[in-house]
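The values are calculated or read from the model by the stated rules, or taken from the named source; none is laboratory data. Since this is a predicted model, take the numbers as computed values, not measurements. Glycine also receives a Cβ, built like all others from the backbone with ideal geometry; neighbour counts cover every protein chain displayed.
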């Protein structure tokens, strides 16, 4: 890589940023991030970035407000240092689920965050699984949208799962589940669910056959764990053998780990878009890295090459 490319990391996921740099064979950009006694952050770049193509890797995961503001400050810092272009690499885009007014007097926070990133000075955004692809339209700057399924499908393909049924944990996941079923050569089923509140989900019925079969459930995010755990309990009751769960973003809020343990899921696989705590790792959850996929995308953006080719036949 030429020396016009610079990659910096916020504090949300420095391990992922380092892996991306290792893949590209470059050094991670140097910066100093300090916190004032009153909680305000200040960022100072320690590398010359004038005229460089800069990427800042920062997930807006928990604590969302702190990580989001840090991303905005970092973008402003780079712009004021006279870089040629700033790309906000947001592996996990917080507030993505608040993408519409589903009742009166509520905000569309996904759009608000997109406006903040644009106003801060980002020239483009690179994200993974935005929860809904149409969120790309919330930005007035170019968005490259990667799919975590590329990493997950490769892993489960290597497991050689026989007698497989891919189960969509809800109707909204059917399209994604169909891709896994096609790639892995399994049958397809779905769970009809009813959401009682933002924290509680009741699984109702399963459409399809899971009796005596290995089950794979894949989604873009595991947050409270309600959807996946209820679906896992349901397919277990219907006679499923082994249950595998895959998700791009492992948020694991509240008592989600305990819920998944209670559901007796055989294996849970997530990616490192969010840096996982010791509690999550101790629970035996497998973490795959998206660093190669991000590195390839960054390289292609830097060289003005096609990013969509990552999703081609041999992607």
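In this structure, is residue 284 in a loop (DSSP other than H, G, I, E, B) and under 30 Å from residue 163 (Cβ atoms)? Before the answer, list the steps.
On the way: in a loop (DSSP other than H, G, I, E, B): yes; under 30 Å from residue 163 (Cβ atoms): yes.
Against the criterion (in a loop (DSSP other than H, G, I, E, B) and under 30 Å from residue 163 (Cβ atoms)), residue 284 qualifies.
Residue 11: part of a strand (DSSP E or B) and touching a residue at least 40 places away in the same chain (Cβ under 8 Å), yes or no? Full working, then the answer.
On the way: part of a strand (DSSP E or B): no; touching a residue at least 40 places away in the same chain (Cβ under 8 Å): yes.
Spelling it out, it is not the case that residue 11 is part of a strand (DSSP E or B) and touching a residue at least 40 places away in the same chain (Cβ under 8 Å).
Being within 20 Å of the chain's Cα centre (by Cα) and over 18 Å from residue 141 (Cα atoms), is that true of even one residue in the range 31-49?
no
Residues 237, 276: which one is without any contact (Cβ under 8 Å) to a residue 60 or more places away in the chain and closer than 24 Å to residue 146 by Cβ?
276
Looking for whichever is without any contact (Cβ under 8 Å) to a residue 60 or more places away in the chain, assigned by TED's automatic domain parsing to the domain that holds residue 123 and either crowded, with 21+ Cβ neighbours inside 10 Å or assigned to a loop (DSSP other than H, G, I, E, B) (or both) here; the options are 264, 305. Which one fits?
305
Please work out which one of (1) in a helix (DSSP H, G or I); (2) over 29 Å from residue 270 (Cα atoms); (3) touching a strand residue (DSSP E or B) at 6+ places or on another chain (Cβ under 8 Å) is the condition residue 119 fails and give its number.
Result: residue 119 fails condition (3) only.
Only residues in the range 218-232 that are under 17 Å from residue 98 (Cα atoms) and in the same structural domain as residue 175 (by TED's automatic domain parsing) count as the first member; pair them with residues that are surrounded by fewer than 23 Cβ atoms within 10 Å (Cβ to Cβ) and modelled with pLDDT of 95 or more, Cβ under 8 angstrom, at least 6 apart or cross-chain, and list the lot.
Close Cβ pairs (under 8 Å, with a partner that is surrounded by fewer than 23 Cβ atoms within 10 Å (Cβ to Cβ) and modelled with pLDDT of 95 or more) amount to 221/251; 222/251; 223/251.
If I filter the range 275-284 for residues that are at pLDDT 95 or above, surrounded by 12 or more Cβ atoms within 10 Å (Cβ to Cβ) and under 21 Å from residue 221 (Cβ atoms), do I get at least one hit?
yes
Can you pull out every residue in the range 76-85 that is part of a helix (DSSP H, G or I) and surrounded by fewer than 24 Cβ atoms within 10 Å (Cβ to Cβ)? Walk me through how you get there before you give the answer.
Filtering the range 76-85 for residues part of a helix (DSSP H, G or I) gives 76-80.
76, 77, 79, 80 - these are the residues of the range 76-85 that are part of a helix (DSSP H, G or I) and surrounded by fewer than 24 Cβ atoms within 10 Å (Cβ to Cβ).
Regarding the range 237-247, can at least one residue be identified that is in the same structural domain as residue 95 (by TED's automatic domain parsing) and part of a loop (DSSP other than H, G, I, E, B)? Outline the logic, then answer.
Quick first cut of the range 237-247, residues in the same structural domain as residue 95 (by TED's automatic domain parsing) only: none.
Scanning the range 237-247, I find no residue that is in the same structural domain as residue 95 (by TED's automatic domain parsing) and part of a loop (DSSP other than H, G, I, E, B), so the answer is no.
Return the residues of the range 106-148 that are within 22 Å of residue 246 (Cα to Cα) and out of contact with any helix residue (DSSP H, G or I) (no Cβ under 9 Å at 6 or more places or on another chain); say none if nothing qualifies.
133, the sole residue that qualifies.
So, in the range 86-112, of the ones that are free of Cβ contacts under 8 Å to residues at least 40 places away in the same chain and in a strand (DSSP E or B), which residue ends up surrounded by the fewest Cβ atoms within 10 Å (Cβ to Cβ)?
Checked the range 86-112; the qualifying residue surrounded by the fewest Cβ atoms within 10 Å (Cβ to Cβ) is 86.
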